[in-house]
Amino acid sequence: MTIGINGNEANVSHRVGVGQYAYELLKQFVKFQTPSTKFQVYLENPPLPEMPDLPYEVFGPKNLWTLTGLQKRLLANPPDVLFTPTHYAPLYLSCPSVISVMDLAFEKFPQYFKKKDLYQLKYWTRLSAMQAKKVIAISEATKGDLVQLYHLPPEKIVVTHLGYDQARFNEKVKPARKDKYFFYLGTLQPRKNLVRLIEAFGQLEDKDIKLVIGGMKNEGRGGWMYQDVFEIASKLGDRVEFTGYIPDTEVAGLMKGAAAYVLPSLYEGFGIPAVEAMATGVPVVVSRVSSLPEVCGECTIYIENPYEVESIRSALEKVLEMGDSERKNQIKAGLKLVKRYNWEDTAKQTLEVLKNV
């Protein structure tokens, strides 16, 4: 059989979220190529040098590529199944399709999205999910949202948890800094709840600790509606530090040196950075919302209500008040938990879905 794959999300320089997911799956699929299982990856731009060793087909036009170039190519010469690691698929297909959905943040928090983007996200995602033979969700929380909001039958949705790079994130990583700081890594967007995090951080009695915020500040892939974050942070001077985009080779060291990794989100489809932080051996603070309890279990300090600054401050204080024994126990529990997450399992489960379809 031939499995066609929309590889555009993986073919970018800075991979976060769905880009990371798509790239890691392609890396794993290389192992599963056989005479009876072939992959064909479709791209609108030539593959970057680090793209996995798979067959690539590059074509245009680039304008609305999925609805024009890809759709035309698939109608003329369809694979046995099309897999798109994101929630957009061509609207007209002559082969079955499988899509992946990271989350439905645009349905839960439409006020945080531009009107033009929101229209595309809402209607194209719904149509792609309805026409797909199977929908892959990255958490039970996302599956629940698909059932509730799109009324998809539960049996149509398969949950495949994500993985992490075990070679980069492990106990052997050396701290990149020696000062005392909390660390956040992610895009700068409203649902990440950074304004409340900064407000809570500013209320801590310990004025020697810093808050290091890593994440892209540019529009588009990097983040949006983040000006309030900088305005509130400016009141705390150099106690809040913005790093901008952090190269992959530097992320683990920054996590390792932190007093804790903090993810105060209002909503997450999975939360890979929390898993990566646990794998390096640091405490994790996350909100008790959406997928985070499912992913992090009882190996973390929870922000019980991320809409309340006091709740975030309380969680941060728990980190600062932990004794050596308590800190070691939480780290140990986290290291045990993350063993369940790896990209090979994610790819095997995904491949099984594609073959069954």
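The values are calculated or read from the model by the stated rules, or taken from the named source; none is laboratory data. Remember, predicted model here, so these are calculated numbers, not experimental data. Note that we place each Cβ from the backbone using ideal geometry, even for glycine, and neighbour counts take in every protein chain shown. When the accessible area is computed, the model is the full protein with side chains, heavy atoms only, and any ligands, DNA or RNA have been set aside. Shrake-Rupley method; radii C 1.70, N 1.55, O 1.52, S 1.80 Å.
Listed values, structure above:
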| quantity | calculated |
| --- | --- |
| The stretch 259-309, subset of a type in the set (Phe, Trp, Tyr) and surrounded by 24 or more Cβ atoms within 10 Å (Cβ to Cβ), residue farthest from the chain's Cα centre (by Cα) | 261 |
| Any hit, the stretch 3-18, residues being in a helix (DSSP H, G or I) and touching a Pro at 6+ places or on another chain (Cβ under 7 Å) | yes |
| Residue match in the stretch 83-92 (condition: more than 19 Å from the chain's Cα centre (by Cα) and under 21 Å from residue 29 (Cα atoms)) | yes |
| Scan of the stretch 69-85 for residues that are open to solvent by 50 Å² or more (accessible area, probe 1.4 Å) and without any contact (Cβ under 8 Å) to a residue 40 or more places away in the chain, ordered by number | 72, 75, 76, 77 |
| Of residues in the stretch 323-357 being under 17 Å from residue 280 (Cα atoms) and among the basic types (Lys, Arg), the one surrounded by the fewest Cβ atoms within 10 Å (Cβ to Cβ) | 339 |
| Selection from the stretch 106-120 of residues that are over 14 Å from residue 89 (Cβ atoms) and open to solvent by less than 100 Å² (accessible area, probe 1.4 Å) | 106, 107, 108, 109, 110, 112, 113, 117, 118 |
| Top-ranked residue in the stretch 46-68 [being at pLDDT 95 or above, charged (D, E, K, R) and over 22 Å from the mean Cα position of the chain (by Cα); ranked as most open to solvent (accessible area, probe 1.4 Å)] | 53 |
| Long-range neighbours under 7 Å by Cβ, at least six apart or interchain, first residue over 11 Å from residue 102 (Cα atoms) within the stretch 130-143, second open to solvent by 10 Å² or more (accessible area, probe 1.4 Å) and in a loop (DSSP other than H, G, I, E, B) | 133/96; 133/357; 134/357 |
| Conditions (1) under 24 Å from the mean Cα position of the chain (by Cα); (2) open to solvent by 40 Å² or more (accessible area, probe 1.4 Å): number failed by residue 43 | (2) |
| From the options 133, 156, 172, 143, residue that is loosely packed, with under 15 Cβ neighbours inside 10 Å and either closer than 30 Å to residue 205 by Cβ or out of contact with any Phe, Trp or Tyr (no Cβ under 8 Å at 6 or more places or on another chain) (or both) | 172 |
| Selection status of residue 316, crowded, with 23+ Cβ neighbours inside 10 Å, in contact with a helix residue (DSSP H, G or I) (Cβ under 8 Å, 6 or more places away or on another chain), more than 25 Å from residue 17 (Cα to Cα) and not aromatic (Phe, Trp, Tyr) | yes |
| Residue match in the stretch 178-191 (condition: surrounded by fewer than 16 Cβ atoms within 10 Å (Cβ to Cβ) and basic (Lys, Arg)) | yes |
| Test: residue in the stretch 26-35 that is at pLDDT 95 or above, assigned to a helix (DSSP H, G or I) and surrounded by 21 or more Cβ atoms within 10 Å (Cβ to Cβ) | yes |
